[in-house]
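Just below is one structure, and these are the notes that go with it.
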Amino acid sequence: MNNFHQKQIIIMTRILVPIMMILFTIGCNGDAIHSETADGVKAENAQIFIRVNQVGFRANDYKIATVISDADISGSAFKVIESKTGKESVSGKIVKGPSGWGNFPFGYSVDFTSLKKEGRYYIDVAGKKSPEFLISSRNYITITDSLLKFFKIQRCGPTNPILHDVCHLYDANKLVGELRAGGIDVTGGWHDAGDYTKFLNTTAFTTYLLLFSYEFNRTRYENDSDKNGVPDILDEAKIGLDWLLRCNYAPGKLVIQVQDLKDQTVGWRMPENDTLRYERPAFAGIGKNLVGLYSATMSLASRIWKDRIKNNEFSERCLNAATNIYAVRNSVPNVDKNPIGMYQDSRFWGKLALGAIEMYNTTKKQEYLREAQTYADSAGSDYWWSWGDMNALAHYKIAKHVPRFSDYILNNLIAFNDNRNKNLFQEGTVFSWGTSHTFLGIALHAILYRDLTGKNNFDSLAFSQRDYILGNNPWGVSFIYGYGEKYTKYFHSQVAYFNGGYFPGGVAAGPAPKAILDGYNIERKNFSYNKFNSADVLYYDDRNDYITNEPTIVTNATAIFVFGNLYK
């Protein structure tokens, strides 16, 4: 190499090295997506997944997305981009969360609450894009109608179902637990879930919530799609009420279940092709828990039908049923004994309190109000929501007369809110069998408290639980069929399976603890979300998974209330 070339190299080195050092410094300290992360992995090479409510938000909603990554991308910028124009609408820094998730040890939140403009958007972090979502005042205008449609799929008997023919016209061939011969007419109602069993506990819960939703905010539920002069939600509630009336086969007597575990032994089939159609026993039983829930449902129904049609015979039938069942509250066991151990309550005070307050609201007899307060104080806060843990409804109804009972709901909300602040995806409580239902129930609590007090300090808690159900979860899946870019498709539902997966209004049960799943031998075929399962919590979009992917009537009933009343 001659001296001339050596001098050129020296000069170029003296010029380029400082420039490269400056560029390196900018890259380390600036917002560029090519910055080195804390562990030396470049952000653009990291596995980054952005989770967001895929349906979207209203302008004034609390708006949070979540980022999980296998590398530390702390300090990275986020941008919210308008899909149509490609313009940046909001930007900021991602904020490190309290933990990572599963295979992704780093978790972050993205707060874009300041974005108010209507439109379609996506979030960009380090060049990775989220699913698109809408900001619109009409985002949730159709969801309750879709959720209600699910009940038409679940209809049993000669009740004009959809996606299958009339079925189970011989319910039931015998009545177990009663000294009498022959069968009993308990046709109708809804199949409880993906199977073809029917339960008084869940049917009464579901029917009550449909009625309660209508009573709570009638203007949100006035849709009358078949133009028969009756809101769709009351048409559907009457499916439940007619069956519940049949279940009250004698004064003070109830059928609590139709069909047993044989239902799950004969393979998948459409309900009209059920080989067990002539072998569907009914089971008699009663407990203070069912006394409370049954009388609450029937007395509320009586009030609604009387309000709609004066001197209404159906209203009188409902009140008579409520009265004769409530009358035996002191002479029955605390809880019913379910023959197959499903939907078995462990407590009764909350349901009995609900029965008492609804009896008071219908009859105005002071003794019912006094009993309601005694039962509700005994029930206390349950810090949960499920078909068996619904004390908040009784506390809400009593608080309309005695305001201190709102404190029980407040206790629940404080606990839920404290819990969500500790979790990356803002889960309001622990995972269970029926996680979607419980999370929706947390939102229900917030709505009830806001109605009682006028305070909206738990709105963000409600929105975060809604967002989890609609995609802001580790799997990035909306658990409601047809809503969102990526939603549950392989429900544990026989009707859905034989209709090519089409399942309007279906809500998946959602992620469950591994400790529960390990207790059941489920042969799964779809592991597409396995990458996002943690060591402790799992979700499978698999038709065989009756723990994480089965729809239930109780979940849909809660969802109908929440999505109908999430906004003022």
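Structure values in brief
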item: Count of residues meeting criterion [touching a residue at least 12 places away in the same chain (Cβ under 8 Å) and not in a helix (DSSP H, G or I)] in segment 288-313; result: 0
item: Any hit, segment 493-516, residues being surrounded by fewer than 24 Cβ atoms within 10 Å (Cβ to Cβ), more than 18 Å from the chain's Cα centre (by Cα), in a loop (DSSP other than H, G, I, E, B) and hydrophobic (A, V, I, L, M, F, W, C); result: no
item: Residues of segment 83-101 satisfying the condition of being crowded, with 17+ Cβ neighbours inside 10 Å and not polar (S, T, N, Q); result: VAL90, ILE94, LYS96, GLY97, GLY100, TRP101
item: Qualifying residue in segment 358-366 (condition: within 18 Å of LEU200 (Cα to Cα) and among the β-branched types (Val, Ile, Thr)); result: no
item: Counted residues, segment 62-71 - those being more than 23 Å from the chain's Cα centre (by Cα), in a loop (DSSP other than H, G, I, E, B) and surrounded by 20 or more Cβ atoms within 10 Å (Cβ to Cβ); result: 1
item: Segment 131-161, residues that are β-branched (Val, Ile, Thr) and in a helix (DSSP H, G or I); result: ILE143, THR144, ILE153
item: Contacts under 8 angstrom Cβ, first residue in segment 382-410 being buried (at least 24 other Cβ atoms within 10 Å of the Cβ), partner among the hydrophobic types (A, V, I, L, M, F, W, C) and in a loop (DSSP other than H, G, I, E, B), 6 or more apart; result: ALA392/TRP385
item: Check on GLY388, part of a loop (DSSP other than H, G, I, E, B) and of a type in the set (Gly, Ala, Ser); result: yes
item: Residue in segment 230-244 that is part of a loop (DSSP other than H, G, I, E, B), within 30 Å of the chain's Cα centre (by Cα) and in the same structural domain as LYS365 (by TED's automatic domain parsing) present; result: yes
item: When residues of segment 306-323 are limited to those that are surrounded by fewer than 24 Cβ atoms within 10 Å (Cβ to Cβ) and in contact with a Lys or Arg (Cβ under 9 Å, 6 or more places away or on another chain), the one nearest to SER346 (Cα to Cα); result: LEU319
item: Test set (1) surrounded by fewer than 21 Cβ atoms within 10 Å (Cβ to Cβ); (2) touching a Ser or Thr at 6+ places or on another chain (Cβ under 9 Å); (3) farther than 30 Å from ILE414 by Cβ - MET359 fails condition number; result: (1)
item: Given (1) closer than 29 Å to ASN60 by Cβ; (2) in a loop (DSSP other than H, G, I, E, B), index of the condition SER528 fails; result: (1)
item: Output for segment 323-332, where each listed residue is part of a helix (DSSP H, G or I) and more than 13 Å from TYR249 (Cα to Cα); result: THR323, TYR326
item: Criterion: assigned by TED's automatic domain parsing to the domain that holds LEU444, under 18 Å from GLN465 (Cα atoms) and either among the basic types (Lys, Arg) or touching a Phe, Trp or Tyr at 6+ places or on another chain (Cβ under 9 Å) (or both) - qualifying residue of ALA509, ALA496; result: ALA509
item: Failed condition for PHE348, given (1) more than 16 Å from HIS191 (Cα to Cα); (2) over 31 Å from the mean Cα position of the chain (by Cα); (3) not small (Gly, Ala, Ser); result: (2)
item: Condition check for GLY476: in a loop (DSSP other than H, G, I, E, B), within 13 Å of the chain's Cα centre (by Cα), closer than 26 Å to TYR62 by Cα and in the same structural domain as GLY388 (by TED's automatic domain parsing); result: no
item: Pick from segment 114-144, criterion in contact (Cβ under 8 Å) with a residue 60 or more places away in the chain and among the aliphatic types (A, V, I, L, M), ranking: surrounded by the fewest Cβ atoms within 10 Å (Cβ to Cβ); result: LEU134
item: Any chance ASN417 is touching an Asp or Glu at 6+ places or on another chain (Cβ under 9 Å) and closer than 25 Å to ALA535 by Cα; result: no
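Per-residue answers, yes or no, for (1) closer than 15 Å to PRO551 by Cβ; (2) free of Cβ contacts under 8 Å to residues at least 24 places away in the same chain; (3) touching a Ser or Thr at 6+ places or on another chain (Cβ under 7 Å); (4) aromatic (Phe, Trp, Tyr):
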residue: ASN472; (1), (2), (3), (4): no, no, yes, no
residue: TYR481; (1), (2), (3), (4): yes, no, yes, yes
residue: TYR497; (1), (2), (3), (4): yes, no, no, yes
residue: GLY501; (1), (2), (3), (4): yes, yes, no, no
residue: LYS514; (1), (2), (3), (4): no, no, no, no
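The values are calculated or read from the model by the stated rules, or taken from the named source; none is laboratory data. What you see is a predicted model, and the numbers here were worked out from it, not measured in a lab. All Cβ positions, even for glycine, are placed from backbone atoms using ideal geometry, and neighbour counts span all protein chains on display.
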